[in-house]
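Every number in this text was worked out from the coordinates using simple rules, so none of it is lab data. Fair warning: this is a prediction, and the values are worked out from it, not measured in the lab. Note that each Cβ is placed from the backbone with ideal geometry, even for glycine, and that neighbours are counted across all protein chains shown.
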Amino acid sequence: MPEKSTSATSIARPGDVLKALRAEKGWTLQEVSRRTGMPISTLSKIEHGKMSLTYDKITRLSRGLEVDIERLFASSPHPDPSAPIRLPAGRRSVSRSGEGTLMESDVYSSLYPAADLLAKKLLPIVTEVKVRSLAEFGPLLRHSGDEYSYVVEGAIELHTDLYAPLRLEVGDSVYFDSTTPHAYIAAAPGTCKLVTVCSADSAELRTELEASVQFSNTEPKIGRGGRTG
């Protein structure tokens, strides 16, 4: 997946957003630690920019701070707390090639388009699968909602704990209950990529994914971002 340069609009550091949210809610580091299950020392390092975020930490912060993940990378760490999230009729988001929030791991390279829309009821993901065996993948993952995946490059093998491995070629697709433990494995030489749509509240779902893939110790790369209109 080609990477795009970040937006000219400044993106707040998660540490700055964490500080602002703590001040907004009147929470101490100890309270945030209790809510997220993260050590106080880790939270302090994040606030001071001395520690990069794994996807696990991002989702723990999202859950504990009771905010959507996109809020942690908002253009301003001090949004108006009294302003409600408005979901106007006819809203849309346009994501150009390579735009979105990119999460890298040893297992997947996952691009989340439409990152500018909050409270989505569908979560689209463009995923390049890197691993070629269950041994490399690790434990199967599960999360709420339903899941639809369509192979766009290479071939993918879907493993679940209920069915025999399912090989999917370009143009093939599968729809299944996401609470079924599952894993995608690359099943062809070269790049293996699929487009997945999950049916769940975007913040809730991405929080639940903390129990699955551990993303690398780098902060998410945010592309130019979809445009709304």
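Our summary of shape: the Cα atoms of region 92-199 have principal axis extents of 38, 29, 25 Å, ordered from largest down, in whole angstrom. Neighbour counts of C-beta atoms inside 10 Å place 184, 148 in the sequence 148, 184, starting with the fewest.
Remark: region 14-73 projects, on average over all directions, an area of 3.4 nm² (convex hull of Cα atoms).
Neighbours of residue 170, meaning other residues whose beta-carbon lies under 15 angstrom from its beta-carbon, give a summed charge of -3 when Lys and Arg score +1 and Asp and Glu score -1. The slack in the chain from residue 44 to residue 162, taken as 0.36 nm per residue of separation less the alpha-carbon distance, amounts to 38.2 nm.
Karplus-derived 3J(HN,Hα) values for region 18-27, using 6.51 cos²θ - 1.76 cosθ + 1.60 with θ = phi - 60°, are 4, 4, 5, 5, 5, 5, 4, 8, x, 9 Hz; glycine and proline are entered as x. When 151, 170, 67 are sorted by how many other C-beta atoms sit within 10 angstrom of their C-beta, beginning with the fewest, the order is 170, 67, 151.
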